[in-house]
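Participant: Right, I'll just put the structure down here and ask away after.
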Amino acid sequence: MNPTAATFTMVHCAETTAEAKRDAAESFEWYAQTGVKQIATLGQWQAELRRDWNTYEYTKAIATLDTSHLTFDYLDSVGACIVGDPVRCVEIAKRYKAAGCELLLCLVQPYKIPPEKVFRSIELLGRHVIPELEN
């Protein structure tokens, strides 16, 4: 058994927080809403077939969930994503670490962030953010 605590989040870093938010807003919102909707289809399918798969019982609870509240502003305000300049990204990532997360799985290109913005984000993360978290 692997005792490592891991979590998954969307991450985008840019020179300024305003730029990072502009780059990521549409894609982060799309990914969160689309992901929940896709998982919800399994709950809907179980209900239609009147079948239960215990491992996927949680999908029934979101089968009819309205995802409109999963806006970028909401995701950002609750720390459900890491977005900003390098300093802000370090600050948010340290919250994950403080909560016991030992492995952070980062989605850096959801939906349609332009490749050059993704490459720059990866560069900034590698140069400024990851070294601050390795301690």
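The values are calculated or read from the model by the stated rules, or taken from the named source; none is laboratory data. Predicted model, so just to flag it, every value in this text is computed and none were measured. Positions of Cβ are generated from backbone atoms using ideal geometry, with glycine treated the same way; all protein chains shown enter the neighbour counts. Only protein heavy atoms, including side chains, enter the accessible area calculation; ligands, DNA and RNA are left aside. Shrake-Rupley method; radii C 1.70, N 1.55, O 1.52, S 1.80 Å.
Participant: Please state the relative contact order of the chain as a whole percent: Cα pairs under 8 Å, 6+ residues apart?
Facilitator: 42 percent
Participant: In whole percent, how big is the carbon plus sulfur part of the accessible area of the chain, probe 1.4 Å, protein atoms only? Could the numbers behind the result be given before it?
Facilitator: Details: 4660 of 8400 Å².
Here carbon and sulfur together make up 56 percent of the probe-accessible area.
Participant: Once the dipole of the chain is set up with Lys and Arg at +1 and Asp and Glu at -1 on Cβ about the Cα centre, which of Pro3, Leu133, Ala32 lies farthest towards its positive end?
Facilitator: So the residue we want is Pro3.
Participant: How much accessible area per residue does the chain have, in Å², with a 1.4 Å probe?
Facilitator: Per-residue accessible area for the chain comes out at 62 Å².
Participant: To continue, here is another question. Enumerate the calculated ³J(HN,Hα) couplings along segment 2-14 in order (Karplus 6.51 cos²θ - 1.76 cosθ + 1.60, θ = phi - 60°), each rounded to whole Hz, writing x wherever the residue is Gly or Pro.
Facilitator: Using θ = phi - 60°, the values come out as 9, x, 5, 8, 10, 8, 10, 8, 8, 9, 8, 10, 9 Hz.
Participant: Pulled fully out, how much extra length does the chain show between Ile130 and Ala6, if you take 0.36 nm times their separation in residues and subtract their Cα-Cα distance?
Facilitator: Length gained, Ile130 through Ala6: 43.1 nm.
Participant: If amide hydrogens are placed 1.01 Å from N in the peptide plane, which non-local residues have theirs closer than 5 Å to the one on Leu107?
Facilitator: HN-HN under 5 Å from Leu107: Thr9, Met10, Val11.
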